[in-house]
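Below is one structure, written out as structure tokens; the observations come after it.
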Amino acid sequence: MKKILIFFAVIFVCIVILSLMLTFTRTVPLGEKIALVRITGVILDSTEVIEELKEYANNNSIKAIVLRIDSPGGAVAPSQEIYEEIVKIKAKKKVVVSMGTVAASGGYYIAAPADKIVANAGTLTGSIGVIMELPNISGLMRKIGVETQVIKSGAHKDIASIFKSLKPEEKQILQDVLDDVHNQFITAVSEGRNKKFEEIKKVADGRIFTGRMAKELGLVDELGNLQDAIRLASDLTGIKGEPQVVEKKEEFSFVDILKSELSGKLMENVFHGVSLKYLMTP
């Protein structure tokens, strides 16, 4: 019994020491580093990305942050939240974006405020626009003899119902909403890229560009890969020699992966078309 107690006491002491060491390395500068944050896939939530950005922003050894974006965009609100967090971080540290295969719509939205944007020549980017898709199965319901009865408190409460067609005034209501969110997108890009609103508006019709085309339009600063973006971040912060790059390592259990898959499917299928999206669609 005594040996068991000693064993657990040793384990406890080791855990405490390890915890103190981790805390020390996070708060005390140990060389000059560049943090790499990856944003991949459809943007459905901003929580994890913002937490990671905040952690690096408060770490004195991190001199710059490189965002590796490989995303076609996603929901409006998470894209805006990440954008706003990057704007806050820029007051403390340099932020450089590296675009992968695609960094379009919401993917470009979050790239816009960076100090520098680096894209591959063949990167797909742009797609500055907003989309809302509303499925309509009213014709199918009539064919199978099913009728829906709606009780509502306002004339437009069921405006997004899949069981009816949109009336002209309802289309206008939704169009006004999309136009406002679109203007928010254009404003964010014009402020992030330090360009006039009207200049961005000319190319903000949802079209996509290659990285090379985007550079010619001033939407991208340089052509290059991830290593080029890291070197650029190093130059901007005055780091001598090869910078040390730190990156969060994700650890997933089977349950985490299953939850991620289920939540993604729910967001993309069950609620597909009932939300505003900064998303490049095929």
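Tell me, yes or no, whether segment 165-184 has at least one residue that is of a type in the set (Gly, Ala, Ser) and either crowded, with 16+ Cβ neighbours inside 10 Å or over 30 Å from residue 134 (Cβ atoms) (or both). Scanning segment 165-184 turns up no residue that is of a type in the set (Gly, Ala, Ser) and either crowded, with 16+ Cβ neighbours inside 10 Å or over 30 Å from residue 134 (Cβ atoms) (or both).
Inspect all residues belonging to segment 86-94 and state whether any of them is within 29 Å of residue 238 (Cβ to Cβ), surrounded by fewer than 12 Cβ atoms within 10 Å (Cβ to Cβ) and among the hydrophobic types (A, V, I, L, M, F, W, C). Checking segment 86-94: at least one residue is within 29 Å of residue 238 (Cβ to Cβ), surrounded by fewer than 12 Cβ atoms within 10 Å (Cβ to Cβ) and among the hydrophobic types (A, V, I, L, M, F, W, C). For beta carbons closer than 8 Å, sequence separation of 6+ or different chains, a first residue in segment 155-180 that is free of Cβ contacts under 8 Å to residues at least 12 places away in the same chain and a second that is among the charged types (D, E, K, R) and surrounded by 15 or more Cβ atoms within 10 Å (Cβ to Cβ), the qualifying pairs are 158/164. Among residues of segment 124-140 that are within 30 Å of residue 217 (Cα to Cα), those with a beta-carbon under 6 Å from a residue that is of a type in the set (D, E, K, R) and crowded, with 23+ Cβ neighbours inside 10 Å at least six positions away or on a different chain give the pairs 131/277. Residue 187 meets all of the listed conditions (1) modelled with pLDDT of 90 or more; (2) out of contact with any helix residue (DSSP H, G or I) (no Cβ under 7 Å at 6 or more places or on another chain) but one, namely (2). Checking each residue in segment 209-251 for being small (Gly, Ala, Ser), under 19 Å from residue 39 (Cα atoms) and touching a Lys or Arg at 6+ places or on another chain (Cβ under 9 Å) picks out 224, 229, 233.
Within segment 137-157, restricting attention to residues that are exposed (fewer than 10 other Cβ atoms within 10 Å of the Cβ) and not in a loop (DSSP other than H, G, I, E, B), the residue that is modelled with the lowest pLDDT is 139.
Against the numbered list (1) surrounded by 10 or more Cβ atoms within 10 Å (Cβ to Cβ); (2) modelled with pLDDT of 80 or more; (3) not β-branched (Val, Ile, Thr), residue 160 comes up short only at (2). Could you please find all residues in segment 72-116 being among the hydrophobic types (A, V, I, L, M, F, W, C) and not in a strand (DSSP E or B)? The answer is 76, 77, 82, 86, 87, 89, 91, 110, 111, 112, 114. In the set (1) within 29 Å of residue 132 (Cα to Cα); (2) of a type in the set (A, V, I, L, M, F, W, C); (3) in contact (Cβ under 8 Å) with a residue 60 or more places away in the chain, the condition left unmet by residue 66 is number (1).
Residues are listed down the side, and each one gets a yes or a no for (1) at pLDDT below 95; (2) not basic (Lys, Arg):
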{"position": "9", "(1), (2)": "yes, yes"}
{"position": "13", "(1), (2)": "yes, yes"}
{"position": "18", "(1), (2)": "yes, yes"}
{"position": "22", "(1), (2)": "yes, yes"}
{"position": "26", "(1), (2)": "yes, no"}
{"position": "29", "(1), (2)": "yes, yes"}
{"position": "32", "(1), (2)": "yes, yes"}
{"position": "37", "(1), (2)": "no, yes"}
{"position": "50", "(1), (2)": "no, yes"}
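The values are calculated or read from the model by the stated rules, or taken from the named source; none is laboratory data. Owing to the predicted nature of the structure, the values given are computational and were not obtained by experimental measurement. Heads up, the Cβs are rebuilt from the backbone with ideal geometry, glycines too, and the neighbour counts pull from every protein chain shown.
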